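First comes the structure, then the notes that go with it.
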Amino acid sequence: MKSLLQEYSVIADYMNNLLYVIKKEHHNAKDLNAILKEHTQIKFVSFVGIDLSGNDTDEKIPVKLFLDDIDSFLNGIAVQTDGSSVVLPGIATLNNAKVDMITDLNCNWFVDYNFNFIDTVTNSPVGTLRIPCFLYHDNKPVDSRHILSAAVSTFKESLTNIFTTKPEILKVYGITADDVEEIIITSATELEFWVKTPNDIAEVEELSTSQVLHEHYWTRTKGAVRTALEETLLLMEDYGFEPEMGHKEVGGVRARLTSSGNFDHVMEQIEIDWKYSDALQAADNELFVRILAQETFRRNGLEVTFMAKPIEEVAGSGMHTHLGVSLKLKNGKRLNIFNGPKDHFLSVIGYGAVMGILKNYEVINPFISSTNNSLKRLKPGFEAPICIVTSLGQSPENPSRNRSILLGLIRDLNSPLATRLELRSPNPHTNTYIAMAVSYMSMLDGISYAIDNNKTEDELLAELSKKPGESAQYLEKSRAYRTEEDVFEHFTELERNKYFGKAPATVYENLAQLDSCPIKVKVLKRNDVMTTSLINSFKLAAMERWSTEITHRVINNYISEIRSFLPVHSLDKALDLDISTWMKINDLRIYIMKDTYTTKSLFTRIKTAFSNEDYSDASRLYLELEDKMKVLRHLYSSYKKNLLDI
């Protein structure tokens, strides 16, 4: 029997000999033949396309078959898939369902290892080479990766044209357009998620109390959570992601130490950060890191959820998305063009980028918060943004770290290249590809306004800092767009809605903004980055998912929850308050759930509204349901706490 040290030695040997990534310079038949024949633990090739909901395909092909027809896979249609296997409603229809997958040769290809399946010949885990692809239908690109690729190309081409026609823009940096070798769109994401012991459920009040007391934020990880986190960070290094940190987030409860010396009843929130990359690669990296983290924690006996709001009344999980633009000069230097004069927070381009996102956020938001659960996260008091507003800082010498706003300006006075924008609304289920695409298209709209109208830094800062009711050339008169105050503490709900606009409360309300803001939608359609058919397909998919989730998952879960609210008082010991409270609870249970000959329950009315495709009424009724469930939970908690004996 092997000792523990021997087992770790065997694991270390095969980990050190594994191939984790194949870079773009090797995406040719000669190199791939040599690489795959040397690393025979890689048994499969999977072509990965990203549909409009952010789902990734996983079509496994044996390596031998791939090598036998490698030229076709690399230079033509890699493989075909049925439209029913990807989310493209209104595009890939039943009578025209064929979707072609075109290999992307200009990105990193990662090897996904199954550490539960060891190849007996190589004594290594079986690997699958994941090759990113673009999805085409009727010879037109219809996937999320292409949308981001097209947005980046449009952004770069537009900036190149600006530098050529408006040379004064680069004068502030002491360069000309001829000095620029490449425009680099830099992006990064921060991944938050919850981990728990399978089947364990912690009380919401216990989690909420721990959050308020800050008992977990940045505290030491222990047991299986520590092992899984450290293993994940080490694997990220192997893949070249350059992890920067992993730590506990604000949510969680203290784990219990069992008699065997292991920790049980784990319920913790974790964050992992890694280095930025160009936009498309950053989105690919985020997708793979999610897979890596989930699989690694699972191997350590822990469940992972990337839901935006897995537990009511407790902090949800965000995926803050960082957006930047820099220039690579022919002399080898890098220049961050968001940086402006020393007496300003940003450059003309930087101010324009901020204003573009804020001005057009109504049509960005549907692509970021497209699920029922994502909108549950965006509530006051949980460090999640609900207002279309930014914070720059009290002065250029005093950078802001206001965590209550939508769009943050990240600056480090000692590191000019670090200047970037942080969009705080995305969550782990946000389609990062489309979220970045619509963000950069909106940034370009604001930049174009600033440049075309010859605006100075002073003029742009004044417009961005305007009061509600003050006229502006680009931003809307009724709104305010900047505050250095805590949005949740300094403003009432009425003031927030008046100054920054009322946030959508349901998926329907969010998607409706794509119909009510046609001028802003045009910003996304520039150069056909987003098309009417793509937008409509996204809307159809989001609406169908929302309808299905409410009628088949949310209501069913609430049925089980309502049935669990049973009377526990005894008639001889209960007081009038206990009986009165229980009567209120039962009346509410009946109103929400039970039909009679003369009345329909709230559940039935919601289902009827969805069945009739009356989404406006369904949205209204669903919000009523959420309010009633909140009241019901509070009443039942108060009722039980007031009983001496249960």
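The values are calculated or read from the model by the stated rules, or taken from the named source; none is laboratory data. Quick caveat, the model's predicted, so the values are computed rather than measured. Ideal geometry is used to build each Cβ from the backbone, glycine not excepted, and the neighbour counts take in all protein chains shown.
It is to be established whether one or more residues within the stretch 227-250 are outside the structural domain of D112 (by TED's automatic domain parsing), over 18 Å from S317 (Cα atoms), modelled with pLDDT under 85 and buried (at least 18 other Cβ atoms within 10 Å of the Cβ). No: zero hits. How many residues does the stretch 475-487 contain that are surrounded by fewer than 18 Cβ atoms within 10 Å (Cβ to Cβ) and either part of a helix (DSSP H, G or I) or out of contact with any Ser or Thr (no Cβ under 7 Å at 6 or more places or on another chain) (or both)? The total comes to 3. Filtering the stretch 260-317 to residues that are more than 24 Å from T57 (Cα to Cα) and at pLDDT 90 or above leaves I270, E271, I272, D273, W274, K275, Y276, N300, G301, L302. For the stretch 400-455, taking the residues that are basic (K, R) and over 30 Å from V48 (Cβ atoms), the one that is nearest to the chain's Cα centre (by Cα) is identified as R403. Can you spot a residue in the stretch 420-431 that is more than 19 Å from G324 (Cβ to Cβ), surrounded by fewer than 21 Cβ atoms within 10 Å (Cβ to Cβ), of a type in the set (S, T, N, Q) and in contact with a strand residue (DSSP E or B) (Cβ under 9 Å, 6 or more places away or on another chain)? Within the stretch 420-431, none of the residues are more than 19 Å from G324 (Cβ to Cβ), surrounded by fewer than 21 Cβ atoms within 10 Å (Cβ to Cβ), of a type in the set (S, T, N, Q) and in contact with a strand residue (DSSP E or B) (Cβ under 9 Å, 6 or more places away or on another chain). Total residues in the stretch 25-43 satisfying the condition of being surrounded by fewer than 20 Cβ atoms within 10 Å (Cβ to Cβ) and either among the aromatic types (F, W, Y) or in a helix (DSSP H, G or I) (or both): the figure is 10. Candidates in the stretch 140-163 are the residues that are among the charged types (D, E, K, R) and crowded, with 18+ Cβ neighbours inside 10 Å; of these, the one that is nearest to S53 (Cα to Cα) is D143.
Taking S560 as the residue in question, decide whether it is small (G, A, S) and either assigned to a loop (DSSP other than H, G, I, E, B) or in contact with an Asp or Glu (Cβ under 8 Å, 6 or more places away or on another chain) (or both). Judged against the criteria, S560 is not a match. Within the set R553, R605, the sole residue that is surrounded by 14 or more Cβ atoms within 10 Å (Cβ to Cβ) and in a helix (DSSP H, G or I) turns out to be R605.
If you go through the stretch 87-119 and keep only what is of a type in the set (F, W, Y) and either surrounded by fewer than 20 Cβ atoms within 10 Å (Cβ to Cβ) or in the same structural domain as I434 (by TED's automatic domain parsing) (or both), you end up with F115, F117. Of the residues making up the stretch 44-86, those that are among the β-branched types (V, I, T) and either assigned to a strand (DSSP E or B) or under 23 Å from P428 (Cα atoms) (or both) are V45, V48, I50, T57, I61, I77, V79, T81, V86.
Table: residues versus (1) surrounded by 12 or more Cβ atoms within 10 Å (Cβ to Cβ); (2) assigned to a helix (DSSP H, G or I).
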site: L566; (1), (2): no, no
site: K600; (1), (2): yes, no
site: E613; (1), (2): no, no
site: R620; (1), (2): yes, yes
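Residue count for the stretch 488-542 under the criterion of being aromatic (F, W, Y) and under 19 Å from L407 (Cα atoms): the result is 4.
Every condition in (1) within 13 Å of K359 (Cα to Cα); (2) free of Cβ contacts under 8 Å to residues at least 12 places away in the same chain is met by Y481 except one, and the failing one is (2).
Quick check on P396: is it crowded, with 21+ Cβ neighbours inside 10 Å, touching a residue at least 24 places away in the same chain (Cβ under 8 Å) and not aliphatic (A, V, I, L, M)? Considered against the rule, which asks whether it is crowded, with 21+ Cβ neighbours inside 10 Å, touching a residue at least 24 places away in the same chain (Cβ under 8 Å) and not aliphatic (A, V, I, L, M), P396 comes out as no.
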